[in-house]
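In what follows, a structure is listed as structure tokens, so that the remarks can point back to it.
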Amino acid sequence: MRNIRVHPCLSVAFYVACAVMRVRDNAPMSTMMTCRLPRMLLSALVVVALSAAEPRAAGQAGAGQAGAGDQYVGVWSGSWDGGGGGGGFELTLQHEKDKPMTGRVAVTGEPEYTATLASVAFDGAKMTAKYDFTPEPAAEVVLTATFSGDTATGEWSLREKASGNEFASGGWKVKRGGKQ
């Protein structure tokens, strides 16, 4: 049996409703706790009590479920272009239980480097990520992408950390586990 906790406000509402009924019917004080509410009011109180308990139960059930973007965890390989160059691009997304999503990139071409994602967030199939541009510590790269099945396409923007001014930009496309 499910343990349902009734919110204190509902107990107060029931008490007030009983008091109103007692005064209206000119009933003695002893009927306060056993008053008979009209069926509609009682039904409404039951519905409110159950819906107040439901979010708590749903939150408990969801604690072990997958987080946003978990279906995209893995290695994604492909290419990048723009800013006068191009090359290989590999995005690795990881997510350990009860921790935020993490990842890294490996970029080939000019320049060639690896970097750890400073942040990564998903809104449905749309990803936004950011990492320090390791060849130049004063810069960062912002990635955006849309995932669809086993492919993703996106844009990158090389920006100065202090001002947010963009130095270069381009596109990238990847496929889960393989070159595109």
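Any read-out appearing in this document is the output of simple, stated calculations on the displayed coordinates, not a laboratory observation. Model, not experiment: these values are computed from the prediction. Cβ placement follows ideal geometry from the backbone for every residue including glycine, while neighbour counts extend to all protein chains displayed.
What's the exposure ranking of LEU91, LEU143, going from fewest to most Cβ atoms within 10 Å?
The order, fewest Cβ neighbours first, is LEU143, LEU91.
When the Cα centres of the stretch 148-165 and the stretch 75-103 are compared, how far apart do they sit, in Å?
So the separation of the two Cα centres works out to 10 Å.
Taking neighbour Cβ counts within 10 Å as the exposure measure, how do PHE89, PHE167, PHE133 sort from fewest upward?
Fewest-to-most ranking of PHE89, PHE167, PHE133: PHE167, PHE133, PHE89.
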